[in-house]
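Read the figures in this text as sums done on the coordinates, not as results from a lab. The shown structure was predicted, so the numbers you read here are calculated from the model rather than taken from an experiment. Here the Cβ positions follow ideal geometry from the backbone for every residue, glycine too, while neighbour counts run over all protein chains shown.
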Amino acid sequence: MPLSTVRAFALLCLALRLVAAEALPDLPDPLGRAGMMAAVLKDADGQEVILAAGGSNFPDKMPWDGGVKVFYKHVFLLKKTDGKWSWRKVGELPTPNAYAGFAATPARDGLVIAGGCNADGHLAEVIVARLDGTCAPFGPKLHEPRAYAGCFVVGTRLALTGGTLSANATSALATTTVLDLAHPTAGWRSTDEKEEYARILPLVGADENGTTVWLGGCALSADQGKPVRTYRDALTYSAQNGQGTRFHALAAPLAASAGPGVATGNHLFFVGGDDGGHYGKPPATHPGQTARIVMVDTETFETQVVDTWPHPVATAPLLRLGDDLVTISGETRPGVRTPACTRWSIPAKLR
């Protein structure tokens, strides 16, 4: 078969797969938001729904023009009724919040939100938002405020790894702290400090066997008292047979991908992210975040790009809805958000 025919056939297959993923409506904020928290939950009828909360954007001016970041409290519910998906606001968080750790409760009836930040600083509170929009404390607070951390779930345990204590921090936290969502009153338990945890906006996730992976992210250092990012390509892991080594790596540095990683068997998926290629250059000229769909094989720890997302995206929740990946809003380039809630069908051979 001629190469041009093969390429045409491949593009057709890709187009058919993308069409097969049912479209979702935009977030009910035309600007979109970065750093939202979200989970796929189940309503009283057992139907999968999405609860999404918080986030931030620049409603007046872009940051390079002096715009001020605004943080939000809204709690939105995405539900399919009479064959049609629609969003509605169901409540508000106790305080505006973005860039927090998050997970569904074990019963999938609430969205747990841990830490985060707003215009007043970093947060240590841990709450649960329910499907009716009500919010309540969920176990003890974090040991310290934490935002821009990676988060993932192993079994019923929510882990937050890395992140910062404050907006002007010049080093990242070098611990992982864990809460058993089935027994929240037992409190948070933190690890010793380790170099691989000291990242902001890392790509993290765990597969269905409990193998945990840390990829990329940014290390922080100080330059004249201000934080400076170093984008990383390192991949480390923790498996049942022991701690992994560091010879594994991404093809290029990457941070802030839509996440946490979504697991299907021994595969973990991440979407988009910031490759740092424009870091330190004028943000107004930024070409946009990446749109690559990266898959990690948690048996071989090889990574590969399996497809391209329909648009650039970073700092967005990545969810599994049925057999599809879903991103909720997010950032397309620094300061610019998208309201798009985008859906992509996981190929059958990778589920």
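Assuming R0 = 45 Å, can you tell me the calculated FRET efficiency for the pair Arg320 and Gln224, based on Cβ-Cβ distance, to the nearest 0.05? Once rounded, the FRET efficiency stands at 0.55.
Would you work out if segment 222-329 is rounded, prolate or oblate? Take a ≥ b ≥ c from the square roots of the eigenvalues of the alpha-carbon gyration tensor; rounded if a/c is under 1.5, else prolate when a/b is larger than b/c, oblate otherwise. The shape class here is oblate. Only four residue types carry charge here, +1 at the Cβ of Lys and Arg and -1 at the Cβ of Asp and Glu. Report the dipole size of segment 24-350 about the Cα centre in Debye, rounded to the nearest 20. Computed charge dipole of segment 24-350: roughly 500 debye.
Evaluated at q = 0.09 Å⁻¹, a Debye calculation over the C-alpha positions of the chain (equal weights, vacuum) places log10 I(q)/I(0) at -0.45.
Roughly speaking, what is the stretch gain from Leu350 to Thr134, that is 0.36 nm per residue apart minus the C-alpha to C-alpha distance, in nm to one decimal?
Extra length from Leu350 to Thr134 when fully extended: 74.1 nm.
Between Gln304 and Lys80, the contour length at 0.36 nm per residue exceeds the alpha carbon distance by 77.3 nm.
Let me check against my output: what whole-number percent is the relative contact order of the chain, with C-alpha pairs under 8 Å and at least 6 apart?
The value is 15 percent.
Cross-link reach is defined here as a Cα-Cα straight distance under 13 Å, omitting same-chain residues fewer than 8 places apart; for Lys73 the aspartates and glutamates meeting it are Asp29, Glu92.
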